[in-house]
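For reference, the structure discussed in these notes is given below.
The values are calculated or read from the model by the stated rules, or taken from the named source; none is laboratory data. Because the structure is a prediction, the values reported are computed rather than measured. Note: ideal-geometry Cβ built from the backbone for every residue, glycine included; neighbour counts use all protein chains shown.
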Amino acid sequence: MKDFDGQNPSAPSDPISAWRLRVIFFFFCAGFVYVAVGLSYRQLVQSVSLTEKSDNQGQRVVILPPSRGKIFDRNGYVLVDNRVRWSVKADLLALQPEFRKEYLALLKKEKDRFPDRRPDYDQLQQTARLNVLNAWLTKIWFVIDSTNQKAAKGTAKVKSTPDLHPEERMVHPDTLRKHLNERRALLFPLILDLAFPNSGHAVTSEEGNRSVARFIEQFPVQGPITLEADMVRSYPNGKLASHVLGYVRDTDILKGQLDDELAEKFANLQKLGYTGKKGADGIEATYNEVLSGHSGWEHWTKTSSGYNKERLEAKPPKQGADVALSLDTKIQKSAEEALAKIVDSQGKALPAAAVMLDVNTGEILALASQPSFDPNEMADRVTQAYFDQVNSEGGWLNRSTQGLYAPGSTFKLITATAGMRANKIDWDDILDCGPSYMVGGRAFPEHDPVGYGQVDLEKMLAVSCNVWNYQVGLRTGPENLAKEARRFGLDAPLLQKPAEHNNHSTTELPNPATRMVVPDRAYKQRIAGEPWTDGDTANTSIGQGYLLTTPLHMACLIASIARGETRTTPSIIHDPGRDGRHAGAEPIGLNTQQLNALREGMLRCVEEGTAKSVRIPGLPYAAKTGTSEYFKKGEKAHLAWIIGYAPADNPVVAFCVLVEGQLDTSTWGGKTAGPVARDMILAWRSAADEKDK
């Protein structure tokens, strides 16, 4: 049959149509084969990896921070500890039904109020969460608030407004938002610490324990609101030795998060961690690797919403190792208490530092700096107000190891030693010392207006005669003075860790001073572009001019002289096996008569000279006082120094005290710094007597 065009309707209209059908059939078959092969490949070859990938997407590892090691003094007295912190936390997954119910109620209200406006669903969800959490907080505070507990017994009226600031009893929207974005799987903290140690509303430990008891009594263990215990840093002595101990701060990088084997096993899993702590200053920072310990972990499955579901396996964290310091708590307390008594005209404590060393080992028995800070204020999070307060007082600076000062008359020990070693003066030579000495047309004054007359080495040290040192310094010359100061290490960095210590820090305490100045001709030419003068030599000979050093350096100087050597290697770490050898130490280079005269002069300084006011009956000790000038706000003020060792005939401890005088204070070595040295010596003797019992 043909149509009206004469064509056969059952035949292809075009010869190429059959070819097209074959092409289409070919691609269809190819596609079918591709899909079949692909499915087979995924089922037979990739099934394991795809299953693993699926499992990985539904699992995570939670890193658990370890407790830090403790810090002890040389006698085993705890200086830094860990205390239990009881925190109230919310299980956001368990609260989902409450969130949903509140959300639907808010949504209905929103639609009823604004039927023609599209609701902000995200904001409603956030508000719903906040409302539920704040409602729980209200219940919690009602239960643990002692005022409400008394009201329940009829002894007080219930307060509708809590005593704490509102933000301390409410969930901050930004805090919740950040938690949901970054740590949704972890419990949400509602109250960080029931004892409120840093809130400004501190309660006693007894009241804190009662709060914990009230919570446990009123809230079910398996409920959505739980009580969790963790460990936080505790400094039981408050400000004591704060510059030595330091403080901690938050960190999300936890040491030893996973060992190599587990790191490979959990390589593709999400890692989530609680906030840990790391050292930020003091021993906490320099021995952070020792104190930190090793993190633990928990392996969880998770829900599609990102919450933890089931814990599969876990490993608890391992506490850090302990550190034993060389400090003696009794001596440290005496030093800080004595420094606190030195005040200005307004009753404010003067900036100051105090150091005491073991003469033979170099171990530091006390290292105090004033003003200081309370590391407990930084145990959780330091407030800006407290940081600003300490900063304005200059309390962050460790004046014992970081403060740079002109050593004043304590440097006369170097001038005398240099003069004798250069054969420019001997121990029994007598110099005429009037009220001043002319140098380059300028009269350099004596601190006594009538002078001291005939002066030998011992008398010079007893009365701290300037004119004797001007003469000896000019005879000896600036290069020999500088050489002798360097021989005693006044320009050498201290507190360097031994090379074998496996630690990121190279020093025992953070940032000890490295810019000490022992001047010579080249130094002045370099920094001032001017030639050295005899006036510069005269100033250097009495510890003024360009000289800069630290109290710890001066303590080491006097410890070295007490042993008859040139170097003392100080250490803040206690080592009972320390052998008393000091790096770079050599014999002092004086004959017996010269060294005895040097020591006898310092003994006379205490018995009859500038430190007479702080002599200790029955306990002779040797000392050298000093008073140097420095500029404060463009005007001259004075630094008070005293260095020495005790007992005089068999040195065991060496000490140094520095006080920064102010414009309105009268500051002198023996009168101002001396009482601190005396109290440290008495504390040392008391501690030694107790050990001998």
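Looking at ALA241, ALA267, ALA263, which one is of a type in the set (A, V, I, L, M), closer than 30 Å to GLY670 by Cα, assigned by TED's automatic domain parsing to the domain that holds VAL80 and out of contact with any Phe, Trp or Tyr (no Cβ under 6 Å at 6 or more places or on another chain)?
Numbers: ALA267 fails: closer than 30 Å to GLY670 by Cα; ALA263 fails: closer than 30 Å to GLY670 by Cα.
Exactly one of ALA241, ALA267, ALA263 is of a type in the set (A, V, I, L, M), closer than 30 Å to GLY670 by Cα, assigned by TED's automatic domain parsing to the domain that holds VAL80 and out of contact with any Phe, Trp or Tyr (no Cβ under 6 Å at 6 or more places or on another chain), namely ALA241.
Might you let me know whether segment 403-416 holds any residue that is within 16 Å of ALA559 (Cβ to Cβ) and in contact with a Lys or Arg (Cβ under 7 Å, 6 or more places away or on another chain)?
Checked against the condition, which is being within 16 Å of ALA559 (Cβ to Cβ) and in contact with a Lys or Arg (Cβ under 7 Å, 6 or more places away or on another chain), segment 403-416 yields at least one hit.
Condition first: surrounded by fewer than 17 Cβ atoms within 10 Å (Cβ to Cβ) and over 16 Å from ALA314 (Cβ atoms). Now tell me which residues in segment 271-288 satisfy that.
THR275
Results for (1) aliphatic (A, V, I, L, M); (2) under 20 Å from PHE72 (Cβ atoms), shown as yes or no for each residue.
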{"site": "LEU325", "(1), (2)": "yes, yes"}
{"site": "ALA335", "(1), (2)": "yes, yes"}
{"site": "ALA354", "(1), (2)": "yes, no"}
{"site": "GLU363", "(1), (2)": "no, yes"}
{"site": "GLN370", "(1), (2)": "no, no"}
{"site": "PHE373", "(1), (2)": "no, no"}
{"site": "GLU377", "(1), (2)": "no, no"}
{"site": "THR383", "(1), (2)": "no, no"}
{"site": "ASN391", "(1), (2)": "no, no"}
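Being of a type in the set (A, V, I, L, M) and either crowded, with 17+ Cβ neighbours inside 10 Å or outside any loop (DSSP other than H, G, I, E, B) (or both) is the filter here; which residues of segment 423-471 pass it?
Of everything in segment 423-471, those that are of a type in the set (A, V, I, L, M) and either crowded, with 17+ Cβ neighbours inside 10 Å or outside any loop (DSSP other than H, G, I, E, B) (or both) turn out to be ILE425, LEU431, MET438, VAL439, ALA443, VAL455, LEU457, MET460, LEU461, ALA462, VAL463, VAL467.
So, in segment 652-679, of the ones that are in contact with a Gly (Cβ under 9 Å, 6 or more places away or on another chain) and part of a loop (DSSP other than H, G, I, E, B), which residue ends up farthest from LEU619 (Cα to Cα)?
THR667
Looking at the structure I just gave you, is LYS412 surrounded by fewer than 22 Cβ atoms within 10 Å (Cβ to Cβ) and more than 21 Å from the chain's Cα centre (by Cα)? Outline the logic, then answer.
Numbers: surrounded by fewer than 22 Cβ atoms within 10 Å (Cβ to Cβ): no; more than 21 Å from the chain's Cα centre (by Cα): yes.
Against the criterion (surrounded by fewer than 22 Cβ atoms within 10 Å (Cβ to Cβ) and more than 21 Å from the chain's Cα centre (by Cα)), LYS412 does not qualify.
Of the residues ASP491, ASP536, which single one is crowded, with 21+ Cβ neighbours inside 10 Å and either more than 21 Å from ILE643 (Cβ to Cβ) or in the same structural domain as VAL439 (by TED's automatic domain parsing) (or both)? Can you show your working first?
Details: ASP491 fails: crowded, with 21+ Cβ neighbours inside 10 Å.
On inspection, the qualifying residue turns out to be ASP536.
Report, by residue number, each residue of segment 281-298 that is in a loop (DSSP other than H, G, I, E, B) and of a type outside the set (Phe, Trp, Tyr).
SER292, GLY293, SER295 - these are the residues of segment 281-298 that are in a loop (DSSP other than H, G, I, E, B) and of a type outside the set (Phe, Trp, Tyr).
Can you tell me which residue among LYS309, LYS278, LYS271 is within 18 Å of the chain's Cα centre (by Cα) and assigned to a strand (DSSP E or B)?
Working: LYS309 fails: within 18 Å of the chain's Cα centre (by Cα); LYS271 fails: within 18 Å of the chain's Cα centre (by Cα).
Exactly one of LYS309, LYS278, LYS271 is within 18 Å of the chain's Cα centre (by Cα) and assigned to a strand (DSSP E or B), namely LYS278.
Taking the residues in segment 472-496 that are in a loop (DSSP other than H, G, I, E, B) and of a type outside the set (A, V, I, L, M) as candidates, determine which candidate is nearest to LEU548 (Cα to Cα). Show your work before the answer.
First pass over segment 472-496, keeping only residues in a loop (DSSP other than H, G, I, E, B): 477, 488-495.
From what's left, of a type outside the set (A, V, I, L, M): 477, 488-489, 491, 493.
Values: GLY477: 19, PHE488: 14, GLY489: 12, ASP491: 9, PRO493: 13 Å.
Across segment 472-496, the extreme among qualifying residues is ASP491.
So, PRO587, is that one buried (at least 23 other Cβ atoms within 10 Å of the Cβ) and either on the phi > 0 side of the Ramachandran plot or at pLDDT 95 or above (or both) or not? Lay out the reasoning, then the answer.
Details: buried (at least 23 other Cβ atoms within 10 Å of the Cβ): no; either on the phi > 0 side of the Ramachandran plot or at pLDDT 95 or above (or both): yes.
No: the conditions fail for PRO587.
Considering every residue within segment 136-156, establish whether at least one is at pLDDT 90 or above, within 30 Å of SER295 (Cα to Cα), in contact with a Pro (Cβ under 9 Å, 6 or more places away or on another chain) and not in a loop (DSSP other than H, G, I, E, B).
Scanning segment 136-156, I find no residue that is at pLDDT 90 or above, within 30 Å of SER295 (Cα to Cα), in contact with a Pro (Cβ under 9 Å, 6 or more places away or on another chain) and not in a loop (DSSP other than H, G, I, E, B), so the answer is no.
Per-residue answers, yes or no, for (1) farther than 19 Å from VAL244 by Cα; (2) assigned to a helix (DSSP H, G or I); (3) in the same structural domain as PRO510 (by TED's automatic domain parsing):
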| residue | (1), (2), (3) |
| --- | --- |
| ALA335 | no, yes, yes |
| LEU339 | no, yes, yes |
| GLY347 | yes, no, yes |
| ILE364 | no, no, yes |
| PHE373 | no, no, yes |
| ASN376 | no, yes, yes |
| TYR386 | yes, yes, yes |
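Could you grab me the full set of residues in segment 606-641 that are assigned to a loop (DSSP other than H, G, I, E, B), in contact with a Ser or Thr (Cβ under 6 Å, 6 or more places away or on another chain) and either among the polar types (S, T, N, Q) or exposed (fewer than 13 other Cβ atoms within 10 Å of the Cβ) (or both)? Walk me through how you get there before you give the answer.
Restricting attention to segment 606-641, the residues satisfying the condition of being assigned to a loop (DSSP other than H, G, I, E, B) are 608-611, 615-621, 633-634.
If we keep only those that are in contact with a Ser or Thr (Cβ under 6 Å, 6 or more places away or on another chain) too, we end up with 610-611.
Result: THR610, single match.
So is LEU312 of a type in the set (A, V, I, L, M), surrounded by 18 or more Cβ atoms within 10 Å (Cβ to Cβ) and outside the structural domain of ALA640 (by TED's automatic domain parsing) or not?
Details: of a type in the set (A, V, I, L, M): yes; surrounded by 18 or more Cβ atoms within 10 Å (Cβ to Cβ): no; outside the structural domain of ALA640 (by TED's automatic domain parsing): yes.
Considered against the rule, which asks whether it is of a type in the set (A, V, I, L, M), surrounded by 18 or more Cβ atoms within 10 Å (Cβ to Cβ) and outside the structural domain of ALA640 (by TED's automatic domain parsing), LEU312 comes out as no.
Answer yes if at least one residue in segment 663-672 is over 15 Å from SER409 (Cα atoms) and not hydroxyl-bearing (Ser, Thr, Tyr), and no otherwise.
First pass over segment 663-672, keeping only residues over 15 Å from SER409 (Cα atoms): 663-666.
Subset that is not hydroxyl-bearing (Ser, Thr, Tyr): 663-664.
So far as segment 663-672 goes, yes, one or more of its residues are over 15 Å from SER409 (Cα atoms) and not hydroxyl-bearing (Ser, Thr, Tyr).
Which members of segment 563-581 meet the condition of being out of contact with any helix residue (DSSP H, G or I) (no Cβ under 8 Å at 6 or more places or on another chain), more than 21 Å from THR286 (Cβ to Cβ), of a type outside the set (Lys, Arg) and surrounded by 16 or more Cβ atoms within 10 Å (Cβ to Cβ)?
Matches in segment 563-581: GLU565 only.
Conditions (1) closer than 26 Å to LYS632 by Cβ; (2) out of contact with any Lys or Arg (no Cβ under 8 Å at 6 or more places or on another chain); (3) of a type in the set (Gly, Ala, Ser), marked per residue:
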position	(1), (2), (3)
ARG311	no, yes, no
LYS315	no, yes, no
ALA324	no, no, yes
SER345	yes, yes, yes
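Pick from ARG85, ARG129, ARG118: which is in contact (Cβ under 8 Å) with a residue 12 or more places away in the chain and more than 20 Å from GLY306 (Cβ to Cβ)?
Values: ARG129 fails: more than 20 Å from GLY306 (Cβ to Cβ); ARG118 fails: in contact (Cβ under 8 Å) with a residue 12 or more places away in the chain.
That would be ARG85, the only listed residue that is in contact (Cβ under 8 Å) with a residue 12 or more places away in the chain and more than 20 Å from GLY306 (Cβ to Cβ).
Give the residue that is farthest from VAL132 (Cα to Cα), with candidates limited to residues of segment 181-214 that are exposed (fewer than 15 other Cβ atoms within 10 Å of the Cβ) and modelled with pLDDT of 80 or more.
Step by step, filter segment 181-214, then rank; the result is ALA213.
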